[in-house]
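All remarks here apply to the structure that follows.
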Amino acid sequence: EERLGHSHALSLASASQLALALQMQGKLKEAEHLYRRALMSLDGVQGSAHRDTVTSRNNLAALLQDRGEQTAAEALYRQSAEACEAAFGISHPSTVACLNNIGSLLKSQERFDEAEVVFRKLEEALRAQLGENHAQTLASLSSLASVLKAQDKYDEAEVCCREVLAGREASLGHSHPDTVAAANALASHLNGAGKYAQAAPLFQRALAEYEASLGPE
């Protein structure tokens with residue numbers, strides 16, 4: 001770092017990697033210091049939407065979130081999402097990841113109505129740009145279903161679950177693990193809503209597919 005300088009890309013990358021290592025060891029104060037130092041330089045050198053900047057910002061947000069500093073974490077996640085959406089568009093993987101971080105944080109705080117807004121925005125944009133059966137679209141639809149269910153919007157959640165299953169079947173086939181997981185998720189939703197007769201065949205289908213791929217044991 002002395003030879004390259006504190007703001008050299010390699011120095012900044014090394015600082016971020018060291019911060020992550022410290023975070024994994026539970027040395028949160030040291031990790032936070034390094035993240036903040038690297039982030040300040042990355043914002044100026046690489047730009048707010050650069051992959052390294054976004055990664056450092058999101059890692060810092062995750063650290064703060066784990067420490068219970070939800071408001072600060074949310075602000076960082078939103079900053080990353082806004083920068084990525086402005087630079088790359090909403091369907092870019094970096095933007096999708098940032099919006100998912102926001103939605104997941106809101107969901108963890110039981111701010112389900114706000115999480116619904118985020119996941120619905122993401123799902124609608126991905127559907128328009130990537131298609132209804134794209135993997136990212138279906139993943140966002142699953143997330144939307146989960147927060148709808150948390151608000152007792154069972155009918156809307158069921159529609160989402162059925163769309164996810166239909167999309168998985170169309171894009172991956174009936175036996176793909178993601179399709180089987182979607183069938184099981186729909187069955188679980190129906191079962192929770194008291195629609196046992198509709199849930200049972202889906203549970204049986206999922207079990208049969210699991211046994212076919214893994215064996216009955």
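Within region 191-217, can you find the residues that are more than 18 Å from G167 (Cα to Cα) and touching a helix residue (DSSP H, G or I) at 6+ places or on another chain (Cβ under 6 Å)? Within region 191-217, N191, A193, Q198, A199, F203 meet the criteria.
Looking across region 167-206 at every residue that is part of a loop (DSSP other than H, G, I, E, B) and within 28 Å of the chain's Cα centre (by Cα), the one that is surrounded by the fewest Cβ atoms within 10 Å (Cβ to Cβ) is identified as G173.
May I ask you to verify whether R162 is charged (D, E, K, R) and in contact (Cβ under 8 Å) with a residue 12 or more places away in the chain? Walk me through it before giving the result.
Working: charged (D, E, K, R): yes; in contact (Cβ under 8 Å) with a residue 12 or more places away in the chain: yes.
Answer is yes for this residue.
When S56, S48, S80 are checked against the criterion of being touching a residue at least 40 places away in the same chain (Cβ under 8 Å) and in contact with a helix residue (DSSP H, G or I) (Cβ under 9 Å, 6 or more places away or on another chain), a single residue qualifies: S56. If you go through region 120-148 and pick out every residue that is farther than 20 Å from T179 by Cα, of a type in the set (D, E, K, R) and in contact (Cβ under 8 Å) with a residue 12 or more places away in the chain, you end up with 2. Scanning region 197-215 for residues that are without any contact (Cβ under 8 Å) to a residue 12 or more places away in the chain, under 17 Å from G173 (Cα atoms) and among the small types (G, A, S) yields a single hit, A208. The lone criterion from (1) more than 23 Å from Q136 (Cβ to Cβ); (2) surrounded by fewer than 16 Cβ atoms within 10 Å (Cβ to Cβ); (3) among the charged types (D, E, K, R) left unmet by E209 is number (2).
A single member of L99, L122, L144 is surrounded by 23 or more Cβ atoms within 10 Å (Cβ to Cβ), part of a helix (DSSP H, G or I), outside the structural domain of H189 (by the TED database) and in contact with a Leu (Cβ under 9 Å, 6 or more places away or on another chain), and it is L99. Per the conditions (1) modelled with pLDDT of 95 or more; (2) in a helix (DSSP H, G or I); (3) not assigned by the TED database to the domain that holds L76, the sole criterion not satisfied by N133 is (2). Residues considered: A21, A73. Of these, the only one that is at pLDDT 90 or above and farther than 30 Å from S140 by Cβ is A21. Scanning region 147-166 for residues that are farther than 17 Å from N133 by Cα, among the aliphatic types (A, V, I, L, M) and either crowded, with 22+ Cβ neighbours inside 10 Å or over 19 Å from the mean Cα position of the chain (by Cα) (or both) yields V147, L148, A157.
The values are calculated or read from the model by the stated rules, or taken from the named source; none is laboratory data. The structure presented is a predicted model; accordingly, all values stated were derived computationally and were not measured. Every residue, glycine as well, gets a Cβ built from its backbone with ideal geometry; the counts of neighbours run over all protein chains shown.
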